[in-house]
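K.L.:
Okay, here's the structure, questions in a sec.
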Amino acid sequence: MASILGIGVDIVALPRLRALINRRGPDRLALRILSSHEHREWHDRHAATIKWDAERELRFLAVRSAASPKPALQVDPPPPSQLAASSSATTSTATTFHLSVAHDGDYVVAYVVATS
């Protein structure tokens, strides 16, 4: 039987993230929050796309930022860049992270439950 190690909630305000991206550029944020595999895919998609959909990419980066397991674990969770998003639970060492994400209007909310 699995034990709950922690539960976390993170809310990302899209206007705040948009301002950050406008100041520093989307690639800098993407490097910080995406796994190396996700960043390569994200970068290749930009290179192949003539028209960049800023709102879609903003929401994508907001979801990845909110999905960090940090709030669910008090001790040394892996950084978001070491976790790849998937539709099922993500396993890192002996800890499994269950993720639920919702977005509406200007906010993205992620709930993370860490179990062993």
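Computed from the coordinates by the stated procedures, all read-outs in this text should not be read as laboratory data. Only a predicted model underlies this, so the values are computations on that prediction, with no experimental measurement involved. Note that each Cβ is placed from the backbone with ideal geometry, even for glycine, and that neighbours are counted across all protein chains shown.
K.L.:
Please list, in order along segment 5-16, the HN-Hα scalar couplings obtained from phi with the Karplus expression 6.51 cos²θ - 1.76 cosθ + 1.60 (θ = phi - 60°), rounded to whole Hz, x for Gly and Pro.
P.N.:
Those phi angles translate into 8, x, 10, x, 10, 9, 10, 10, 8, 4, x, 5 Hz.
K.L.:
A further question on this structure: Between Glu55 and Met1, what's the calculated FRET efficiency when r is the beta-carbon distance and R0 is 41 Å? Round to 0.05.
P.N.:
0.45
K.L.:
Okay, next question. What's the FRET efficiency of Arg18 with Ala102 using the Cβ-Cβ distance as r and R₀ = 22 Å, to the nearest 0.05?
P.N.:
Between Arg18 and Ala102 the formula returns 0.70.
K.L.:
Label points 7 Å out from Cα along the Cβ direction at Asp27 and His43: separation in nm?
P.N.:
0.8
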